[in-house]
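Down below is the structure, laid out as structure tokens.
The values are calculated or read from the model by the stated rules, or taken from the named source; none is laboratory data. Predicted model only: the values in this text are computed from it and were never measured. Neighbour counts are summed over all protein chains in view; Cβ atoms, including those assigned to glycine, are modelled from backbone coordinates with ideal geometry. The area values use the complete protein model at the heavy-atom level, side chains included, leaving out ligands, DNA and RNA. Shrake-Rupley method; radii C 1.70, N 1.55, O 1.52, S 1.80 Å.
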Amino acid sequence: MTVPYLQIDNLTKSFGDLVLFENISFGIAEGQRVGLIAKNGSGKTTLLNIIAGKEGYDSGSIVFRRDLRVDYLEQDPQYPEELTVLEACFHHGNSTVELIKEYERCMETEGHPGLEDLLVRMDHEKAWEYEQKAKQILSQLKIRNFDQKVKQLSGGQLKRVALANALITEPELLILDEPTNHLDLDMTEWLEDYLRRTNLSLLMVTHDRYFLDRVCSEIIEIDNRQVYQYKGNYSYYLEKRQERIDAKSVEIERANNLYRTELDWMRRMPQARGHKARYREEAFYELEKVAKQRLRNDNVKLEVKASYIGSKIFEADHLFKSFGDLKILDDFSYIFSRYEKMGIVGNNGTGKSTFIKILMGQVQPDSGTVDIGETVRFGYYSQDGLQFDEQMKVIDVIQDIAEVIELGNGKKLTASQFLQHFLFTPETQHSYVYKLSGGERRRLYLCTVLMRNPNFLVLDEPTNDLDIITLNVLEEYLQNFKGCVIVVSHDRYFMDKVVDHLMVFNGQGDIRDFPGNYSDYRDWKEVKAQKEKEAEKPQEEKTARVRLNDKRKMSFKEKREFEQLEKDIAELESEKAQIEELLCSGTLSVDELTEKSKRLPEVNDLIDEKTMRWLELSEIES
């Protein structure tokens, strides 16, 4: 029988009266790629810390296969500030680094005791190549200044250094806690591709659902202190989880019906309970446990009414902003439309958050103006907005903003009822802020933003540290939100569900407006890159700007073509959707199936071709 890499049996962990999980058991075998899912506050990070030996537990056992190479990427890695990037790679206490230190001590000791054994171990762990391998992986992660101090690194750069640390030793089991937090989209996709190509066994927590879907082959869910395992990716998990919930609902309903009958018998037959029907009495109490179960409703019902917003939103007019040689905005102009939902993407350091702060009036542009409409009422969710008084109770944080929240149509919610919609139980509401997990604090912060009835939401990395359940409902809320939205996010799934178009920050003030969601943009980039590769003579890509004063105007013929392209693309998208629906329906004959299968790639090619031409024309001033 194959020995599992990791076996956990009957593990229990609690903090005082709060039980996170109880008697949970699961194992990870060679080649398994496991995603761990649970609500914020259910103990995901605590479980990973326990497995990594960084935290204790109440009872149970954790057993690793002997001599297994394990590494752990923490959610918020920390290093001494004065270390350089390369020194940080040697600061991490993995087995290879410890072996190198042991070898260096041996060489400094007279007689070099144990050198022969050390040389064999150094060869076995490939320790001679450690520094070169570190530099290679750091370079792949776009960290090339190896002498830069840790204190000078951004959050994204620090996460990449820690990620390099975890990958250098080529562990057999890699444990990852929110690996995509603070990573830009390019780095997330690089990591996704890297993990898919290696033979690593994985246990990871992440809210990135595309990442889960493409990397993991199994999902473990912690729900109501218990563990449920699903042998499939995230899409399979969603399907099977719903089946489990439906089956549980049926079980509870049946138990309730029988419970009412048995309860009546218990009340009518007091003497029978004394002797002959003891078994029935015991069965009654077991039945009562099932009947009184309640499936916790995890839907965060964000039904707060948006206040009225007029036709004038805001206008950015000829904005310039630089920090030394780094350009953020270079003659940027834009008129925001009513009910518009814009996504902002770009690599770290291209100025996304600075741009948001300029719009919010927190940072002043070097020149240019931002004119905001009188009815605009911002709700701003920032990366550094978690500034609560640690000694306040959760309910007090909300009541300091309002005792009652207006929902419209004469409906109201008290602060306590509002918090319950955000999964804060009455017990948690009267707990102190310092006791909340990172994800629960994020959820509380989101609560304080939305309850003010904004009509223009500006969300800067709202998905970091939020659990998937909260993200699903936040997405639904934003889709139905009767106001304007700007979202800065590295969460591809979230962007696909929420935004109408993207503002792409390419760096040095190069900002482009893309008509579609992130998956559309990624597909377009791949098509564009392929066409450039196939071209005999690579042409320098013309730098496009958003509403800049280009010299050439669009001709009448080009205007007509531009308008027709919009109609053609819409019709082709509709045809594509119809074909895909028919192909999945199971109602087509063999001939029809063949015909539709041939037509679908043709439609896709036409959409790509016309979209490329639309983008070319959109860069010309009308």
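State whether one or more residues within the stretch 372-390 are touching a Leu at 6+ places or on another chain (Cβ under 7 Å), open to solvent by less than 60 Å² (accessible area, probe 1.4 Å) and modelled with pLDDT of 85 or more. Yes; the residues of the stretch 372-390 include at least one that is touching a Leu at 6+ places or on another chain (Cβ under 7 Å), open to solvent by less than 60 Å² (accessible area, probe 1.4 Å) and modelled with pLDDT of 85 or more. Go through the stretch 192-243 and give me each residue that's in contact (Cβ under 8 Å) with a residue 60 or more places away in the chain, assigned to a strand (DSSP E or B) and under 23 Å from residue 494 (Cβ atoms). Matches in the stretch 192-243: 202, 204, 205, 219, 220, 221, 222, 223.
Determine which single condition residue 482 fails, assuming it passes every other condition in (1) open to solvent by 10 Å² or more (accessible area, probe 1.4 Å); (2) part of a helix (DSSP H, G or I); (3) within 15 Å of residue 341 (Cα to Cα). Failing condition for residue 482: (2). The combined condition, being open to solvent by less than 70 Å² (accessible area, probe 1.4 Å), over 19 Å from residue 146 (Cβ atoms) and either assigned to a helix (DSSP H, G or I) or of a type outside the set (Ser, Thr, Tyr) (or both), is not fulfilled by residue 107. Being assigned to a helix (DSSP H, G or I), of a type in the set (Ser, Thr, Tyr) and open to solvent by less than 20 Å² (accessible area, probe 1.4 Å) is true of residue 470. Which of the residues belonging to the stretch 27-72 are more than 25 Å from the chain's Cα centre (by Cα), in a loop (DSSP other than H, G, I, E, B) and among the aliphatic types (A, V, I, L, M)? Selection gives 29, 68.
The listed residues are 35, 60, and the only one of them that is under 30 Å from residue 155 (Cβ atoms), surrounded by 16 or more Cβ atoms within 10 Å (Cβ to Cβ), of a type outside the set (S, T, N, Q) and touching a Leu at 6+ places or on another chain (Cβ under 6 Å) turns out to be 35. When we screen 5, 72, 57 for residues that are touching a Lys or Arg at 6+ places or on another chain (Cβ under 6 Å) and within 28 Å of residue 236 (Cβ to Cβ), the only hit is 5.
Taking the residues in the stretch 391-436 that are in a loop (DSSP other than H, G, I, E, B) and among the polar types (S, T, N, Q) as candidates, determine which candidate is least open to solvent (accessible area, probe 1.4 Å). By that ranking, first place goes to 431. Within the stretch 585-595, if we keep just the residues that are outside any loop (DSSP other than H, G, I, E, B) and open to solvent by less than 100 Å² (accessible area, probe 1.4 Å), the residue that is modelled with the lowest pLDDT turns out to be 593. Can you spot a residue in the stretch 97-104 that is charged (D, E, K, R), open to solvent by less than 70 Å² (accessible area, probe 1.4 Å) and part of a helix (DSSP H, G or I)? Yes: one or more hits.
Within the stretch 1-18, track down each residue that is surrounded by fewer than 16 Cβ atoms within 10 Å (Cβ to Cβ) and either under 26 Å from the mean Cα position of the chain (by Cα) or part of a loop (DSSP other than H, G, I, E, B) (or both). Of everything in the stretch 1-18, those that are surrounded by fewer than 16 Cβ atoms within 10 Å (Cβ to Cβ) and either under 26 Å from the mean Cα position of the chain (by Cα) or part of a loop (DSSP other than H, G, I, E, B) (or both) turn out to be 1, 2, 3, 16, 17. Would you be able to say whether some residue in the stretch 564-584 is more than 33 Å from the chain's Cα centre (by Cα), closer than 20 Å to residue 502 by Cα and open to solvent by less than 80 Å² (accessible area, probe 1.4 Å)? Yes.
If only one of 315, 282 is modelled with pLDDT of 60 or more and in a helix (DSSP H, G or I), which one is it? Selected residue: 282, the only one of 315, 282 that is modelled with pLDDT of 60 or more and in a helix (DSSP H, G or I). Taken together, the residues in the stretch 596-618 that are open to solvent by 60 Å² or more (accessible area, probe 1.4 Å) and touching a residue at least 40 places away in the same chain (Cβ under 8 Å) amount to 1.
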